[in-house]
1. Go through the residues of segment 24-31 one by one and say whether even a single one is closer than 29 Å to Gly130 by Cβ, open to solvent by less than 10 Å² (accessible area, probe 1.4 Å) and in contact (Cβ under 8 Å) with a residue 40 or more places away in the chain.
2. Looking at (1) open to solvent by 40 Å² or more (accessible area, probe 1.4 Å); (2) within 21 Å of Thr2 (Cβ to Cβ); (3) charged (D, E, K, R), which one does Lys115 not meet, given that it meets all the others?
3. Name every residue in segment 281-308 that is within 31 Å of the chain's Cα centre (by Cα) and of a type in the set (S, T, N, Q), in order of residue number.
4. Which residue is modelled with the lowest pLDDT, if the candidates are limited to segment 321-346 and must be open to solvent by 90 Å² or more (accessible area, probe 1.4 Å) and in a helix (DSSP H, G or I)?
5. Restricting to segment 292-320, give me the number of residues that are surrounded by 13 or more Cβ atoms within 10 Å (Cβ to Cβ), touching a Leu at 6+ places or on another chain (Cβ under 9 Å) and assigned to a loop (DSSP other than H, G, I, E, B).
6. Go through (1) in contact with a helix residue (DSSP H, G or I) (Cβ under 8 Å, 6 or more places away or on another chain); (2) within 24 Å of Ile7 (Cβ to Cβ) for Met260 and report which single condition fails.
7. Could you tell me whether any residue of segment 5-12 is polar (S, T, N, Q) and touching a residue at least 40 places away in the same chain (Cβ under 8 Å)?
8. Just to be sure, is Ala14 out of contact with any strand residue (DSSP E or B) (no Cβ under 7 Å at 6 or more places or on another chain), small (Gly, Ala, Ser), on the phi > 0 side of the Ramachandran plot and open to solvent by 30 Å² or more (accessible area, probe 1.4 Å)?
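The values are calculated or read from the model by the stated rules, or taken from the named source; none is laboratory data. None of the values given here were measured: they were computed from a predicted structure. Cβ placement follows ideal geometry from the backbone for every residue including glycine, while neighbour counts extend to all protein chains displayed. The protein model used for the area step is the full one, side chains on, heavy atoms only, and it has no ligands, DNA or RNA in it. Shrake-Rupley method; radii C 1.70, N 1.55, O 1.52, S 1.80 Å.
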Amino acid sequence: MTREVKIGSLSIGASAPIAVQTMYDIPLSRLEERFDSRMAVLKAMGCDLIRFSYPDIAEHDALCHVTKVCPMPVVADIHFDWRNAMDAMDCNVAKIRINPGNIGERWKTEEIVKKALDKNVAIRIGLNSGSLPRNTSNKDMVSLMVDTSLEYISWFENLGFYNTVVSLKASDSNLSYEAAKAFAAKSDYPLHLGVTEAGGVVSSCVKSTWTLGRLLAQGIGSTIRYSITGSIEDEVQAGVELLRTLGMKKGGMKIVSCPMCGRCSFNSQGFLKEVEHELLATGKDLCVAIMGCQVNGPGESKGADLAVTGIGNKVYLYKHGEILKQIDAAHAKQELLKAVADYDKE
């Protein structure tokens, strides 16, 4: 079992649940008007931790605002300039991520550690295969990643700091897997798992699920992130779905939907895309089926709490397999969300 690490109000490692995280997808200098509501949606979807790039102290006020309003612990992602890490801690971030490949001399890292110890901030030693220190030796990549992380851990421990998380990521899924497995055999510090720069939704989900699923099944890993060239909402959804599939997370919204085929008389694909994130953000412990024809639609509706099924030119809303009402397709989203909001599992 790994040791426990505290990241603000969140515990990871030891017997704590696996935490799902993502990384905010635009600069702090361009915070959206809908930022607060977006964070609330991510939290409701199952996001436990969120990371923000912090490349410039000029964004100090924006980062301070984020830590005040964000409903989950905030991580500041630091590269190159150690002073940005020092400043981010003054904004009350819960964790700092530093990259040994570009943070600079040992004394800079030690200054960060000393302040983190004083302010009770966690640190992630975040190694990426594409930005590793190259002056260690001619070791293979797995050994280089593991040994570099262990060297940094020794620096931390010499200063009395143990609130540490490690990540060893690569765009190569096998390298990510082998590095995490090798580190876990040598250290009890919690690991953040991920395949970095994994591509679009399909590519990332295949690579990440294959890599993370095998590690988690062996008891390796305390936090996860799907790195997707796409929406951060998709990253959170993928992470939560993996944990539920592995039996490591219970409850929440389960969505059953059919692929499009020649029988389809209702655009289930377009409807799912339109409503999916809103359903997930309800936080309701429900099964909702979205089906496009009369072959599987009525049957799937019997196994779901609520269902929308298109049959011919008509769309039907079901509850526990029984038709509640016929709906105009233009109002199907509104009617389904209302049914979810009103649902009472008596």
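1. no
2. Looking at each condition in turn, Lys115 falls short on (2).
3. Narrowing segment 281-308 to residues within 31 Å of the chain's Cα centre (by Cα): 281-292, 300-301, 303-308.
Residues satisfying the conditions are Thr282, Ser301.
4. This residue is His331.
5. Here the count works out to 2.
6. So Met260 meets the others, but not (2).
7. Step one: list which residues in segment 5-12 are polar (S, T, N, Q), which gives 9, 11.
Right, trim to touching a residue at least 40 places away in the same chain (Cβ under 8 Å) and you get 9.
Taking every residue of segment 5-12 in turn, at least one turns out to be polar (S, T, N, Q) and touching a residue at least 40 places away in the same chain (Cβ under 8 Å).
8. On the way: out of contact with any strand residue (DSSP E or B) (no Cβ under 7 Å at 6 or more places or on another chain): yes; small (Gly, Ala, Ser): yes; on the phi > 0 side of the Ramachandran plot: yes; open to solvent by 30 Å² or more (accessible area, probe 1.4 Å): yes.
So Ala14 fits the description; yes.
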